[in-house]
Amino acid sequence: MGASAIIFYTFAAIMIVFSFLAVTSQKILRAAVYLLFALGGTAGIYFMVNYFFLAAVQLTVYAGGIVVLIIFSILLTSHIEEKMQKADAWKIILTAIVGLGGVVLSLFVITNHVFIPQANTGVEANMTTIGEKLLGYGAGGYVLPFEVISVLLLAAMIGAIVVAKRNKPEGNG
Amino acid sequence: MVEQVPLNHALIITTLMFFIGVYGFLTRKNLITMLISVEIMLNAVNLNFVFFDNYLFPGKLEGHFFSIFIIAIAAAEAAVAIAIFISLYRNIRSIDVEEANTMKH
């Protein structure tokens, strides 16, 4: 096993373990920090497949943006020391059965299908290619989803401000 | 592609991560932890896109751009979701799913 394979499986183990801790931890702030590690492991895997721009986006938007947003909202709405109550045992068992069923079904399909990997034809995911594709309107260009996403982000920003804005105090405010 | 790592192993990892997210989404009661589970699921889907793109269709970068757009949508979704949580907390002093039922009846 080569060095890159070892690093890959290490990142994969980090991702799986911290994802599991993030969904099972009884302390909510710890769950957010475990999520940060899981997302960081994902960024490492993006680095390993040579998608540097995607890895940078993952680190800045997910690890830098969303996790900080989640941590802020946790600080605003929860007591740090408070432990969350566990779900009922029957619920945990039923959900575990559903999850394991899904895993078994997916793994059955994945392991029975023969994938034929293709060698890279030399197109690098560098900034020039990415910029030309993102703003390209010919074949293989993504300018329409790019513009739609920009409108969506503006709408989400205004919507978030309107929803979170404090209503005008009525008398006792 | 990563040398000596078959695509099957990569897909097994993303499958596990996705169903960990499903498990968290169904067992958690706090809305923020449910959002964390959704982020884990989205992240697993992103990884899946990247692996298929990188192993089976190298050079086309389709999965790469899908992942970028999914990350942008996830950011918008998290912003709106957290605005809703804060508004909800201001109104009912809780972000528990079982107490968020004022619009139900």
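Quick note: the coordinates plus some simple rules give every number you see, no bench work behind them. Given the structure is predicted, the values throughout are model-derived calculations rather than measurements. All Cβ positions, glycine included, derive from the backbone under ideal geometry; neighbour counts span all protein chains shown.
Cα centroid separation, the stretch B:1-71 to the stretch A:118-141: 22 Å.
What lysines sit close enough to A:Lys133 to cross-link, taking a C-alpha to C-alpha distance under 30 Å and skipping anything fewer than 8 places away on the same chain? Partners found: B:Lys60. Shown here are the Rg and Dmax of the Cα trace of chain B, at 17.5, 57 Å.
For the protein assembly as shown, the dipole from Cβ point charges (+1 on Lys and Arg, -1 on Asp and Glu) about the Cα centre works out to 740 debye, to the nearest 20. Summed over qualifying helices (DSSP H, 4 residues or more, each -39500 (n - 2.57)) and divided by its residue number, chain B shows a 222 nm mean residue ellipticity of -26500 deg cm²/dmol. Inter-chain Cβ neighbour count for B:34-41, averaged per residue, equals 6 (cutoff 10 Å, partner chain atoms only).
Dividing the Cα radius of gyration of the stretch B:21-82 by its Kirkwood radius returns 1.09 for Rg/Rh. A straight Cα-to-Cα reach below 22 Å connects A:Lys91 with the lysines A:Lys27, A:Lys83, B:Lys29, residues fewer than 8 places away in its own chain not being considered.
Over all pairs of different C-alpha atoms in the stretch A:1-84, the reciprocal of the mean inverse distance, the Kirkwood hydrodynamic radius, equals 13.6 Å.
Shape annotation for chain A: C-alpha extents along the principal axes are 68, 44, 29 Å, from largest to smallest. Does the stretch A:75-173 come out rounded, prolate or oblate, given a ≥ b ≥ c as the square roots of the eigenvalues of its C-alpha gyration tensor, rounded meaning a/c under 1.5 and, failing that, prolate meaning a/b above b/c? Oblate, because a/c is 1.5 or more while a/b does not exceed b/c.
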